[in-house]
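Here is the structure we will look at.
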Amino acid sequence: MSPQIIIMAIGVVVAMIALGSWFNTLKNQRADKCLEALYDVVGLANRCLTLKLKNHPSERIWPAYDEAWNGHRKFAAAWAIMRRYYPKFDAEMPRRVSQLLLQTEDILARVGPVTQSECDGITNELENVRGTVEGRLPPPSFWRTLWWRVCGVFGH
């Protein structure tokens, strides 16, 4: 083999590795945005419930609830994008989160105090959803992706 062919072959392999790395980075960024948005929703919903539990005035509670819905919109968008990379992910996940936010609203709208167990019920459900999402997302790993790409190219 001539040196030019060897150099060209090495260049092709390096380009394939770079492409695999770029794609992996893109997927990791999408997963991170999705998790970030979901953490916001869970944290903001918990904040609303805590404010209600401590009998804060509604002027403090409802702005936090509005923020939770803004976080939900970000999560729903990020989840839709994630499903482009992982089409088997549950398309209904954003709906589950919105149902929990509506349950949160029911608690917040009640006149008078609420109980810790009512708040804990919603909080636990939200954290279960967050755990489910985190459990479905593969951990970021450059080397695993690199190995899959290289093996896929060479038919192993």
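Candidates in segment 5-24 are the residues that are free of Cβ contacts under 8 Å to residues at least 12 places away in the same chain and not aliphatic (A, V, I, L, M); of these, the one that is nearest to residue 83 (Cα to Cα) is 22. Between 130, 96, 149, the distinction of being surrounded by 13 or more Cβ atoms within 10 Å (Cβ to Cβ), within 30 Å of residue 17 (Cβ to Cβ) and either at pLDDT 95 or above or among the basic types (Lys, Arg) (or both) belongs to 149 only. For segment 35-58, a residue qualifies if it is free of Cβ contacts under 8 Å to residues at least 60 places away in the same chain and crowded, with 17+ Cβ neighbours inside 10 Å, and the qualifying residues are 37, 40, 44, 51. Scanning segment 45-90 for residues that are assigned to a helix (DSSP H, G or I) and on the phi > 0 side of the Ramachandran plot returns no hits. Has segment 17-34 got at least one residue that is assigned to a helix (DSSP H, G or I), at pLDDT below 90, surrounded by fewer than 17 Cβ atoms within 10 Å (Cβ to Cβ) and acidic (Asp, Glu)? For segment 17-34, residues assigned to a helix (DSSP H, G or I), at pLDDT below 90, surrounded by fewer than 17 Cβ atoms within 10 Å (Cβ to Cβ) and acidic (Asp, Glu): present.
Anything in segment 101-132 that is among the hydrophobic types (A, V, I, L, M, F, W, C) and assigned to a helix (DSSP H, G or I)? List them, or say none.
101, 102, 107, 108, 109, 119, 122, 126, 129
What about residue 86, is it within 23 Å of residue 139 (Cβ to Cβ), at pLDDT below 90 and among the aromatic types (Phe, Trp, Tyr)? So residue 86 fits the description; yes.
Count of segment 90-116 residues, restricted to those that are of a type in the set (Lys, Arg) and either more than 29 Å from residue 136 (Cβ to Cβ) or touching a strand residue (DSSP E or B) at 6+ places or on another chain (Cβ under 6 Å) (or both), is 1. What are the residues in segment 59-68 that are touching a residue at least 24 places away in the same chain (Cβ under 8 Å) and exposed (fewer than 15 other Cβ atoms within 10 Å of the Cβ), if any? If the condition is that a residue be touching a residue at least 24 places away in the same chain (Cβ under 8 Å) and exposed (fewer than 15 other Cβ atoms within 10 Å of the Cβ), then no residue fits.
The values are calculated or read from the model by the stated rules, or taken from the named source; none is laboratory data. In this text the structure is predicted, and so the values were computed from the model without any measurement. FYI the Cβ positions are ideal-geometry reconstructions off the backbone, even for glycines, and counts take in every protein chain you see.
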